[in-house]
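Here is the structure we will look at.
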Amino acid sequence: MTAIGFIGLGNMGGPMAANLAAAGHTVKVFDLVPDLMASVAGGIACSSALQAAQDVDVFVSMLPAGQHVRGLYLGNEQQPGLLSQMAASTLVIDCSTIDPASARAVGEAAGSLGIDMIDAPVSGGTAGAQNGTLTFIVGGSPNAFDRAEPVLSVMGANTFHAGGAGAGQVAKICNNMLLAILMSGTAEALSLGVDNGLDPAVLSEIMKVSSGGNWALNVYNPFPGVMEGVPASRGYEGGFLVDLMRKDLNLALQTAQASDSAIPLGGLANNLYQVHRQTHDAGRLDFSSIAWLYKPDLKK
Ligand code: NAD
């Protein structure tokens, strides 16, 4: 049994913390929203992040963005950073999706204090968090990665070591940028086919086994009625929100600017999602609703 502190009990962090408690670990939880602490079955509510970080072997955070992660670990005008108040033996795992520069800054600050820290953003959404089937994409030292594996394997089904501090964030950002491009392209191709008299289900079957085959066609078709159990077939409710995809595309743009990389398709996908969000008030819809941009009559 491991003593674990867990900060950030939102849509993702709440069920992840509950899975750790269900596996028999002692889980001390904290969130700025007190009700969320009570909703984690088996969790021990704390009065502050510092309290949750004391007397634990492992400390996990699942926060919205880079500013929250930097504020928590490095501190700000209001409060000292948590890293300076933690035992050096604590393993720190940040699962938030944030900019790689923040992840590197926090990881390096931890390293300078002798604290093992990894960035471990996840793929798999809220269903993966609930079912303990997330994919963790890790940046950090091999030793920290090895120490984290037993804890990550309770919350997820797959764990990858992408490289040093920040590498987990870079890999996640690359993946989600490609996903946005693939989803937009798939909606565009299906729309062209439908405009020219094809059935989207027939066209999908053809492209799945042809050179245009991809993940969106295989498991997440953006056209309603083609595939059961996907957001497109339930009014684009649930799934991976347009707002979260836009967050990840903005991280891709920031990352590309920092490395002086050209990402013309990522930039275009970001603009497509921005226009879609504004035109259709689509921020809280699944990202496959980008199909509306091509075929507004899909919006019922
Ligand atoms: P959320 O907004 O539901 O939860 C974040 C929680 O952090 C909130 O409850 C908030 O009160 C808390 N919080 C913020 N600052 C805090 C602080 N200083 N101390 C304590 N608690 C604090 O967000 P979410 O959907 O759970 O996402 C969390 C992260 O996971 C984000 O980085 C997101 O991009 C990423 N992510 C989300 C999904 C998804 O489908 N929701 C999928 C993959 C990755």
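The values are calculated or read from the model by the stated rules, or taken from the named source; none is laboratory data. Everything quoted here is computed from the prediction, not taken from an experiment. A quick note on method: Cβ atoms are made from the backbone with ideal geometry, for glycine too, and the neighbour counts reach across all protein chains shown. Surface accessibility is based on the protein's heavy atoms, side chains included, excluding ligands, DNA and RNA. Shrake-Rupley method; radii C 1.70, N 1.55, O 1.52, S 1.80 Å.
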Hey, which of the helices (runs of 4 or more DSSP H) in the stretch 194-300, taking only ones fully inside, have at least 1 residues that are hydrophobic (A, V, I, L, M, F, W, C) and within 30 Å of ALA65 (Cα to Cα)?
-> 215-219, 242-259, 264-280, 291-294
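Does GLN54 satisfy the condition of being within 13 Å of the ligand (Cβ to nearest atom), open to solvent by 40 Å² or more (accessible area, probe 1.4 Å), over 20 Å from THR135 (Cα atoms) and not charged (D, E, K, R)? Steps first, answer last, please.
On the way: within 13 Å of the ligand (Cβ to nearest atom): no; open to solvent by 40 Å² or more (accessible area, probe 1.4 Å): yes; over 20 Å from THR135 (Cα atoms): yes; not charged (D, E, K, R): yes.
In short, no.
Considering only residues that are among the charged types (D, E, K, R), over 17 Å from the mean Cα position of the chain (by Cα) and modelled with pLDDT of 95 or more, which ones fall in the stretch 237-270?
Answer for the stretch 237-270, where residues must be among the charged types (D, E, K, R), over 17 Å from the mean Cα position of the chain (by Cα) and modelled with pLDDT of 95 or more: just ASP260.
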Looking at the stretch 1-20, which of the residues that are in a helix (DSSP H, G or I), open to solvent by 20 Å² or more (accessible area, probe 1.4 Å) and more than 12 Å from the ligand (Cβ to nearest atom) is farthest from THR135 (Cα to Cα)?
-> ALA18
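Taking ASN131 as the residue in question, decide whether it is at pLDDT 95 or above and either in the same structural domain as THR255 (by TED's automatic domain parsing) or under 24 Å from GLY66 (Cα atoms) (or both).
On the way: at pLDDT 95 or above: yes; either in the same structural domain as THR255 (by TED's automatic domain parsing) or under 24 Å from GLY66 (Cα atoms) (or both): no.
No.
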Based on what the data block shows, is ARG104 assigned by TED's automatic domain parsing to the domain that holds ASN11 and in contact with a Gly (Cβ under 6 Å, 6 or more places away or on another chain)?
-> yes
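Residues in the stretch 184-193: is at least one within 16 Å of the ligand (Cβ to nearest atom), within 20 Å of ASP248 (Cβ to Cβ) and open to solvent by 30 Å² or more (accessible area, probe 1.4 Å)? Explain how you work it out, then say what you get.
As a first pass, look at the stretch 184-193 and keep what is within 16 Å of the ligand (Cβ to nearest atom): none.
Scanning the stretch 184-193 turns up no residue that is within 16 Å of the ligand (Cβ to nearest atom), within 20 Å of ASP248 (Cβ to Cβ) and open to solvent by 30 Å² or more (accessible area, probe 1.4 Å).
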If you go through the stretch 114-127 one residue at a time, do you hit one that is at pLDDT below 95, in the same structural domain as ALA148 (by TED's automatic domain parsing) and of a type in the set (Val, Ile, Thr)?
-> yes
Selection within the stretch 251-276 - within 16 Å of the ligand (Cβ to nearest atom), open to solvent by 40 Å² or more (accessible area, probe 1.4 Å) and in contact with a helix residue (DSSP H, G or I) (Cβ under 7 Å, 6 or more places away or on another chain) | LEU253
Check GLY238, GLY229 and return the single one that is surrounded by fewer than 22 Cβ atoms within 10 Å (Cβ to Cβ) and within 21 Å of GLY10 (Cα to Cα).
-> GLY238
With respect to TYR236, determine if the residue is touching a strand residue (DSSP E or B) at 6+ places or on another chain (Cβ under 6 Å) and of a type in the set (Ser, Thr, Tyr).
-> yes
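Starting from residues that are of a type in the set (Val, Ile, Thr) and more than 12 Å from the ligand (Cβ to nearest atom), keep the ones in the stretch 135-155 and report whichever is nearest to PHE240 (Cα to Cα).
VAL138
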Residue that is surrounded by 21 or more Cβ atoms within 10 Å (Cβ to Cβ), free of Cβ contacts under 8 Å to residues at least 40 places away in the same chain and part of a loop (DSSP other than H, G, I, E, B), where the choices are VAL27, VAL40 = VAL40
